[in-house]
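What follows is one structure encoded as structure tokens, with my remarks underneath.
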Amino acid sequence: MSKTIEFDYVIVGAGSAGCVLANRLSADGKNSVLLLEAGPKDSNIWIHVPLGYGKLFKAKKVNWMYQTEPEPGLGGRTVFQPRGKVLGGSSSINGLLYVRGQHEDYDRWRQHGNAGWGFDDVLPYFRKAEHQARGADDFHGVGGPLPVSDLGHPDPLSAAFIEAAVETGIPRNRDFNGATQEGAGFFQTTTRHGRRASTAVAYLRPAKGRNNLHVETAALAQRIVFDGHRAVAVEYRKTGSLRTARARKEVLVCGGAYNSPQLLQLSGVGPADLLRKHGIGVVLDAPGVGHDLQDHMQVRIVTRCPKKITLNDIVNHPLRRILAGARYAAFRTGPLTIAAGTSGAFFKTNPRLATPDIQIHFLPFSTDKMGEKLHSFSGFSASVCQLRPESRGSLRIKSADPAAAPEIRINYLSTEVDRTANVEGLKILRKILQAPSLSSYVTEEFEPGIKVSTDEELLNFCRRRGSTVYHPTSTCRMGSDPLAVVDQRLRLRGIGGLRVVDASVMPDLVSGNTNAAVIMIAEKASDMILEDG
Ligand SMILES: Cc1cc2nc3c(=O)[nH]c(=O)nc-3n(C[C@H](O)[C@H](O)[C@H](O)COP(=O)(O)OP(=O)(O)OC[C@H]3O[C@@H](n4cnc5c(N)ncnc54)[C@H](O)[C@@H]3O)c2cc1C
């Protein structure tokens, strides 16, 4: 028999968004909150060491490890899609880069009718979340739960990348989250004293002692329970038994861009034909649930370096590896503080564009695939990421079994704009890699290699080697058109007592890394939920 418990709010998913909600909604002590997380506690030590990021790609206890279906634009290859399955969600396994996107992203959301989501509206929430190590200014806040810090390992290669970009005419930019994003500079990361600041660390830990907040790990939500068109409870499985958590006020779905639409579809909210095909009773025919999936793709150039100064040289040398470990243990600095990028650049592939359409992530190491062994030679890499892809995909359940992985289709490179941006981005990146400041660090281009030179060859390289930057969004898109899933207050359209709060509600992808934007969304949602409560 199913055991029933009752709270004011039941939150599904303790990821980037879910941990923010859990903290904010339980803060004044008036509301009782249940936070359900399918994964375990964040006790894996590699979660907390930035470079440990590489160890988490295949850690299946904390990673859903999804795969796309064969991608037509990538020659039928499937693309690995890691997602956090642990307290902190993807913020516990991500690359830690703090990049909010462009002001124009949020003004575009607003321009599409999403009142309250223009840049001036969302900036206060970015600032509220933030504890900026450089201090407060017009764009940054201090005193918030989320620490944002400068790199603990400013290496010469990453600095040379910035100088080389400037030599090609790209402006220097000290703050990608300031007045303008365009330019080359160092990234900032969500870390404190060299340790990862996931939302589990930044938001959940400080709230854990509250007796009105209850956190359940290893608890997989199977279904939202409805009374007519109102969500009233969540059914979840924990240690083999089925339990029901009733929500007096609201059910808040924070499962991320893949799992949130999956849970809604499993619960009878989604495209009616898909639900019927799997024998699921239709609560609401909502064709937009799982529609409009977007992701950032990246294509990486690997360069051989004549000097033994890359991370490959440290990781592959037993003594240097031990010294790096000891330095980190003693001072929390050095190579172990590196994550998914050190320096980078934002530029336009076409002068007619208003804002950059490409982001470069520079890394002082190289590998065939993220999460695999570093190359045995001295090498570094830099990847091209198109910031506003036009390609759209979908997320659909494959089965009525809540434990089965969903069908993920991104349709990378399915439009001409996307194909051209990637090819032009690679050409500009090559110019940077050939600029004077990097010349003493370059032996040769290892991949794709200079033989790959025409536009057609570069596009084929994108198809052969392109992969994700891990930023799926927009599967429960905010808006007011027929395919929009949530309204401007993130309430599910056509259903009461239910909001979606995570990367899936973005009207479209922001031109940056998505974690900061998700945290902002959850900060703003918390205010709206409390106002409506
Ligand atoms: C490898 C990787 C690298 C990345 N690098 C960066 C980066 O450098 N910078 C950046 O800004 N962004 C980065 N991102 C993206 C960023 O981390 C995500 O956009 C963000 O964390 C998404 O937040 P979310 O709340 O939407 O989902 P998540 O953080 O993924 O949270 C969803 C949570 O819900 C849980 N859940 C799902 N379904 C259920 C269920 N049925 N029952 C119970 N629990 C459930 C999941 O286990 C998970 O904990 C990266 C992501 C990955 C995976």
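Across the range 230-259, which residue is nearest to GLY497 (Cα to Cα) among those that are outside any strand (DSSP E or B) and either within 8 Å of the ligand (Cβ to nearest atom) or in contact with a strand residue (DSSP E or B) (Cβ under 8 Å, 6 or more places away or on another chain) (or both)? Step by step, filter the range 230-259, then rank; the result is CYS254.
Yes or no: VAL86 buried (at least 23 other Cβ atoms within 10 Å of the Cβ), without any contact (Cβ under 8 Å) to a residue 40 or more places away in the chain and farther than 30 Å from GLU182 by Cα?
Details: buried (at least 23 other Cβ atoms within 10 Å of the Cβ): yes; without any contact (Cβ under 8 Å) to a residue 40 or more places away in the chain: no; farther than 30 Å from GLU182 by Cα: yes.
No; evaluated as a whole, the condition is false for this residue.
Mind telling me which of the residues ILE338, ILE360 ends up being hydrophobic (A, V, I, L, M, F, W, C), at pLDDT below 95 and within 16 Å of the ligand (Cβ to nearest atom)? Give the derivation first.
Details: ILE360 fails: at pLDDT below 95.
Exactly one residue qualifies, and that residue is ILE338.
Among strands (runs of 3 or more DSSP E) entirely within the range 357-463, having at least 1 residues that are aromatic (Phe, Trp, Tyr), under 28 Å from LEU51 (Cβ atoms) and in contact with a Pro (Cβ under 6 Å, 6 or more places away or on another chain) singles out 379-386. Annotation: VAL384 fulfils all but one of (1) surrounded by fewer than 23 Cβ atoms within 10 Å (Cβ to Cβ); (2) touching a helix residue (DSSP H, G or I) at 6+ places or on another chain (Cβ under 9 Å); the unmet one is (1).
Scanning the range 466-510 for residues that are assigned to a loop (DSSP other than H, G, I, E, B) and under 17 Å from ALA257 (Cβ atoms) yields a count of 20.
Would you tally the residues in the range 40-83 being of a type in the set (Lys, Arg), within 13 Å of the ligand (Cβ to nearest atom) and either farther than 23 Å from GLY255 by Cα or surrounded by 15 or more Cβ atoms within 10 Å (Cβ to Cβ) (or both)? Show your work before the answer.
Kept after step one, since they are of a type in the set (Lys, Arg), are these residues of the range 40-83: 41, 55, 58, 60-61, 77, 83.
If we keep only those that are within 13 Å of the ligand (Cβ to nearest atom) as well, we get 41, 55, 58, 60-61, 83.
Right, trim to either farther than 23 Å from GLY255 by Cα or surrounded by 15 or more Cβ atoms within 10 Å (Cβ to Cβ) (or both) and you get 41, 55, 83.
Counting residues in the range 40-83 that are of a type in the set (Lys, Arg), within 13 Å of the ligand (Cβ to nearest atom) and either farther than 23 Å from GLY255 by Cα or surrounded by 15 or more Cβ atoms within 10 Å (Cβ to Cβ) (or both) gives 3.
Among the residues of the range 89-113, those identified as part of a loop (DSSP other than H, G, I, E, B) and in contact with a Phe, Trp or Tyr (Cβ under 9 Å, 6 or more places away or on another chain) are ILE93, ASN94, GLY95, LEU96, TYR98, VAL99, ARG100, GLN102. One residue alone among ASP120, ASP150 is of a type in the set (D, E, K, R) and over 20 Å from the mean Cα position of the chain (by Cα), and that residue is ASP120.
Tallying residues that are part of a loop (DSSP other than H, G, I, E, B), buried (at least 20 other Cβ atoms within 10 Å of the Cβ) and in contact (Cβ under 8 Å) with a residue 40 or more places away in the chain within the range 136-151 yields 2. Remark: pairs (first residue in the range 243-263, closer than 12 Å to ILE397 by Cβ and of a type in the set (Val, Ile, Thr); second residue at pLDDT below 95 and within 7 Å of the ligand (Cβ to nearest atom); Cβ separation under 6 Å; 6+ apart in sequence or on different chains) are absent.
Report whether or not VAL201 is within 16 Å of the ligand (Cβ to nearest atom) and out of contact with any helix residue (DSSP H, G or I) (no Cβ under 7 Å at 6 or more places or on another chain). Steps first, please.
Numbers: within 16 Å of the ligand (Cβ to nearest atom): yes; out of contact with any helix residue (DSSP H, G or I) (no Cβ under 7 Å at 6 or more places or on another chain): yes.
Answer is yes for this residue.
The values are calculated or read from the model by the stated rules, or taken from the named source; none is laboratory data. The model shown is predicted, which means the values in this text are computed figures rather than measured ones. Please note: Cβ atoms are built from the backbone with ideal geometry, for glycine as well, and neighbour counts cover all protein chains shown.
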